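Notes to accompany the following structure.
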Amino acid sequence: MEDVRNVIVIGGGPAGYTAALYAARANLEPLVIEGFNWGGQLMITSDVENYPGYADGVLGPAMMQDFRRQAERFGTTFLTDDVTRVDFSERPFRVWVGEDEHRADAVIVATGATARQLGLESERSLQGRGVSYCATCDAAFFRDKTVVVVGGGDSAMEEAGFIARFASKVVVVHRREEFRASPIMVDRARANEKIEFRLDKSVVEVLGEGSVMGVRLRDTVTGEESILPTDGLFVAIGHDPNTGLFVDQLDHDPETGYLITRGKSTETNVPGVFAAGDVQDHVYRQAVTAAGSGCAAALDAERWLSEQRHASVTAGVAIS
């Protein structure tokens, strides 16, 4: 067990690395337990063209390496391993990696969220090569092309509408006749002349060598298979916040699992524990917004630690 640190950041993505950068520049000497899959969803993203400062675009993994290197420059310590257990019941807070215990006066949770996938080997092999999980990030790459969107909820309808601004045709594939999406969202999609529907169909294979060229569909009623040519596949079946370690100790949405923060701050229900990035944001889910909330979490943590130390000094003077 090590000495008590000022701040531990759990998670290595835009939010976690930005929080570490600000904490390090405030001389808080943060420890980032970044996880084996550090970098988050940007590690399966090819070109990023909507992050300020990268005028010519940047590969997702390269951008995350830049974030990490900048945080390291100012004194951040990294542990490339997964947190296995936490205890936020008392301070200093305790965070375990296997049997190794780490303690800190403040903790920033920045474990992000994971896009639900279809679970196909062909899907994984073509991620970043035509398979995407974010229309806002990647729709512009499919200008005047045909795109398939998989899903039947509000997110799928919204993504289809957004992609249709760029693509020549968008085909929504859904495994049932009925949609989970609200009627107004479905009506809006049906009214868009660029959007078509393939219902009672599921994607069983993504086709292509080096880039997406089509998808193999299976009729969920008859079992009949067919091939639908396409230049891209957007999977819009939802996201899951990576909150399994924290739901017993931190307030969260009972339906979605996202952590709940107070007002415009990054404060959780446990004083001294802060949440940043996609782990508490189910609306925007962008690298730039995650980085912004990582900045906010570090500033909130710095101010909170300063207040605690001031209170301790004041109490000590009063007692003496």
Hits among lysines - C-alpha to C-alpha of Lys169 under 20 Å, sequence gap 8 or more where chains match:
Lys145, Lys194, Lys201
Show me the GluC sites (Glu not before Pro) within region 78-183 that DSSP assigns to loop and that have at most 13 other Cβ atoms within 10 Å of their Cβ.
Glu90, Glu99, Glu177, Glu178
Could you work out how far helix 60-73 tilts from the main Cα principal axis of the chain, as a 0 to 90 degree angle to the nearest 10?
10 degrees
For Val32, Val131, Val247, which order do you get if you count the other beta carbons within 10 Å of each Cβ and list the fewest first?
Val247, Val131, Val32
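Given only helices, namely DSSP H runs of n ≥ 4 each adding -39500 (n - 2.57), what is the per-residue ellipticity at 222 nm of the chain, to the nearest 500 deg cm²/dmol? List each step's numbers first, then the result.
Values: 7 runs with 86 residues, N = 320.
The per-residue figure over the chain is -8500 deg cm²/dmol.
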Distance between modelled label sites at Ile227 and Arg143, nm, 7 Å Cα→Cβ extension:
3.0 nm
Angle in degrees between helix 287-319 and the longest Cα principal axis of the chain, rounded to the nearest 10
20 degrees
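How large is the dipole of the chain about the Cα centre if only Lys and Arg carry +1 and Asp and Glu carry -1, each at its Cβ, rounded to the nearest 20 debye? Intermediate results must be reported in sequence, preceding the final value.
On the way: 31 positive and 47 negative charges, 132 e Å.
Charge dipole of the chain: 640 debye, to the nearest 20.
Apply the a/c threshold of 1.5 to the C-alpha gyration tensor of region 1-67 and tell me whether it is rounded, prolate or oblate.
oblate
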Dividing the convex hull volume of the Cα atoms of the chain by its residue count, what figure in Å³ per residue is obtained?
149 Å³
Any cysteines in the chain with zero other Cys Cβ atoms under 4.7 Å from their Cβ? List them, or say none.
Cys295
Quick one: helix 14-25 against the long Cα principal axis of the chain, what's the angle to the nearest 10°, folded into 0 to 90?
20 degrees
State to the nearest 20 debye the size of the charge dipole of region 117-235 about its Cα centre, where the only charges are +1 on K and R beta carbons and -1 on D and E beta carbons.
200 debye
Compute the distribution of all C-alpha to C-alpha distances in region 40-192, in bins of 5 Å from 0, and list the percent of pairs in each, rounded to whole numbers.
2, 7, 13, 15, 15, 13, 10, 10, 8, 5, 2, 0
Based only on other Cβ atoms within 10 Å, what is the fewest-to-most ordering of Lys264, Lys169?
Lys264, Lys169
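If neighbour count is taken as other Cβ atoms inside 10 Å, put Val148, Val288 in order from fewest to most. Walk me through the numbers before you get to the answer.
Details: Val148 30, Val288 14.
Listed from fewest to most nearby Cβ atoms, that is Val288, Val148.
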Alpha-carbon Rg/Rh ratio, for region 117-235, with Rh computed the Kirkwood way
0.94
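Quick note: the coordinates plus some simple rules give every number you see, no bench work behind them. Keep in mind it's a predicted model, so treat the numbers as computed, not measured. Note that each Cβ is placed from the backbone with ideal geometry, even for glycine, and that neighbours are counted across all protein chains shown.
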